[in-house]
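The values are calculated or read from the model by the stated rules, or taken from the named source; none is laboratory data. Quick caveat, the model's predicted, so the values are computed rather than measured. Please note: Cβ atoms are built from the backbone with ideal geometry, for glycine as well, and neighbour counts cover all protein chains shown. When the accessible area is computed, the model is the full protein with side chains, heavy atoms only, and any ligands, DNA or RNA have been set aside. Shrake-Rupley method; radii C 1.70, N 1.55, O 1.52, S 1.80 Å.
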Amino acid sequence: MAATPARIVMKFGGTSMAGIERIRNVANRVKREVDAGNQVAVVVSAMAGETDRLVNFCREASSLYDPKEYDVVVSAGEQVTSGLLAIALQAIGVPARSWLGWQLPIHTSDAHASARIEEIDTTALDRALASGEVAVIPGFQGVADSADGEQGRVTTLGRGGSDTSAVAVAAAMKADRCDIYTDVDGVYTTDPRIVPRARKLKKVTYEEMLELASVGAKVLQTRSVGLAMKENVRVQVLSSFTGDDAPMADTLPGTMIVGEEEIDDMERQLITGIAHDKNEAKITLTNVSDTPGSVAAIFVPLAKANINVDMIIQNIAHQSQGRTGSTDVTFTVPAVDLARTIQALNEAKESIGFDELVHDTRVAKISVVGVGMKSHAGVASKMFTTLGERGINIQAISTSEIKVSVLIHEDETELAVRVLHTAYGLDAEEAA
């Protein structure tokens, strides 16, 4: 039986658009939604690997490239796939046209290479959808007026920005849902490559998905989840590699990202998932003066450099060298920001007053996430006990209302994920 007609956004990632045959497969999926009477907007990424290729061209041209011209270059990948998909849809009898970021338009801030969407004018888009035409929109790009008066410059949203584009379009056109087609068929309790008995989740709250995305789960871009939560957009994660006879998207068993009110008590679990992230770096500053303002002296220059700090530990200095009132300060930053962090701290060394800067990239962050933590005690103690029983040393800890994260040696990552997955009762009865 045909699904109830709806207004939906379908987003396809780079692996889904990697070549003409896959683009034809996407076109057939879109046609099924159109044939069901739905109004459809499609957001596409560049072909897999294409953005990396374009980024490398910019770096080869100049190590100090103009960010405005960088955006012109790297946004080209999505322009190609949006045009190709429109052609493929037309070839199978589906009215379609591509809409570039400046044509809708999608207004963004002027922070080139990391712009944020501010507003989407859907006037033309609404007319196209009402006429039965499929709108094919390149993700990752928008348009901005710069502070110096330049108008209509192309901007890009940062890596993974097509997810954010899709959610923003869905919010602007008041879509019933936003279907994100990827190379996985949903959100799992943990990485199935590490734990074959990981279970696919039917529903995850925005809060849980935001935490999972921020601590290592690669299913959705963090900004897209935050926007979905802010705008109350129902997001569904689906696989684009199921067969042609697969159920329609509104009955396909993917994972829905929804508000907490949509998950009843029977479905609610204490722990939703275990995430891991090896893209962390640990830094320790030794013999910092233990006086008011000394910690601020460390983190103010990092904030000015737009470096996000996660876990922070302050201990009595191990080697005080006869000095009293000194402390060691340990914290983590994204591994990609390590070089900039070291530079910023060394430049501020005199004002901070530390003896030595020690860094370590052979660490991993393991996180336990679940809204059930809000009303249940003992989650952290079970985590610490489970890891301790397996001889896994905890180097740092951070918490939020629905998350506990620990820092461990990277060689123990898979063991930690497996034992925690079992300890919290997340294993499926049978292998997936």
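Among the residues of the range 57-76, what is the count of those that are surrounded by fewer than 19 Cβ atoms within 10 Å (Cβ to Cβ) and in contact with a strand residue (DSSP E or B) (Cβ under 6 Å, 6 or more places away or on another chain)? Qualifying residue count, the range 57-76: 2. Of GLU33, GLU50, all but one fail to be open to solvent by less than 60 Å² (accessible area, probe 1.4 Å) and in contact with a Ser or Thr (Cβ under 9 Å, 6 or more places away or on another chain); the exception is GLU50. Give the residue that is farthest from GLU410 (Cα to Cα), with candidates limited to residues of the range 176-190 that are open to solvent by 30 Å² or more (accessible area, probe 1.4 Å) and among the acidic types (Asp, Glu). So, considering only residues that are open to solvent by 30 Å² or more (accessible area, probe 1.4 Å) and among the acidic types (Asp, Glu), the one farthest from GLU410 (Cα to Cα) is ASP176. If the condition is being of a type in the set (D, E, K, R), over 30 Å from ILE271 (Cβ atoms) and assigned to a loop (DSSP other than H, G, I, E, B), then the range 143-175 contributes ASP145, ASP148, GLU150, LYS174. The residues on offer are LYS365, LYS374, and the sole one that is within 27 Å of the chain's Cα centre (by Cα) and either within 18 Å of ALA275 (Cα to Cα) or assigned to a strand (DSSP E or B) (or both) is LYS365.
Just so you know, in the range 106-163 the residues that are aliphatic (A, V, I, L, M) and without any contact (Cβ under 8 Å) to a residue 40 or more places away in the chain include one that is farthest from ALA228 (Cα to Cα), and it is ALA147. Within the range 257-293, the set of residues being modelled with pLDDT of 85 or more, in a loop (DSSP other than H, G, I, E, B) and more than 30 Å from GLU356 (Cα to Cα) comprises GLY259, ILE271, THR272. Within the bounds of the range 313-324, is there any residue that is part of a loop (DSSP other than H, G, I, E, B), open to solvent by 70 Å² or more (accessible area, probe 1.4 Å) and within 16 Å of HIS276 (Cα to Cα)? No, the range 313-324 has no match at all.
From the list ILE366, ILE402, ILE408, the lone residue that is open to solvent by less than 80 Å² (accessible area, probe 1.4 Å), of a type in the set (A, V, I, L, M) and touching a His at 6+ places or on another chain (Cβ under 6 Å) is ILE366.
Listed here are the residues, each with its yes/no results for (1) under 14 Å from PHE140 (Cβ atoms); (2) touching an Asp or Glu at 6+ places or on another chain (Cβ under 8 Å); (3) modelled with pLDDT under 95; (4) open to solvent by less than 20 Å² (accessible area, probe 1.4 Å).
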position: GLU78; (1), (2), (3), (4): yes, no, no, yes
position: LEU84; (1), (2), (3), (4): no, no, no, no
position: ILE87; (1), (2), (3), (4): no, no, no, no
position: ALA91; (1), (2), (3), (4): no, no, no, no
position: PRO95; (1), (2), (3), (4): no, yes, no, no
position: GLY101; (1), (2), (3), (4): yes, no, yes, yes
position: THR108; (1), (2), (3), (4): yes, yes, no, yes
position: ALA113; (1), (2), (3), (4): yes, yes, yes, no
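When the residues of the range 329-355 are narrowed to those that are over 34 Å from the mean Cα position of the chain (by Cα) and part of a loop (DSSP other than H, G, I, E, B), which ends up farthest from ILE408 (Cα to Cα)? This residue is GLY353.
Taking SER375 as the residue in question, decide whether it is of a type in the set (S, T, N, Q), over 18 Å from GLU207 (Cα atoms) and surrounded by fewer than 17 Cβ atoms within 10 Å (Cβ to Cβ). Judged against the criteria, SER375 is not a match. Every condition in (1) under 23 Å from VAL167 (Cβ atoms); (2) open to solvent by 20 Å² or more (accessible area, probe 1.4 Å) holds for ALA27 except the one numbered (2). Only residues that are at pLDDT below 90 and either part of a helix (DSSP H, G or I) or open to solvent by 20 Å² or more (accessible area, probe 1.4 Å) (or both) were counted in the range 203-221, giving 9. Can we say GLN151 is crowded, with 24+ Cβ neighbours inside 10 Å and not aromatic (Phe, Trp, Tyr)? The answer is no for GLN151. The set of residues in the range 60-90 that are over 23 Å from the mean Cα position of the chain (by Cα), within 15 Å of VAL42 (Cβ to Cβ) and touching a residue at least 12 places away in the same chain (Cβ under 8 Å) comprises VAL80, GLY83, LEU84, LEU85, ALA86, ALA88, LEU89.
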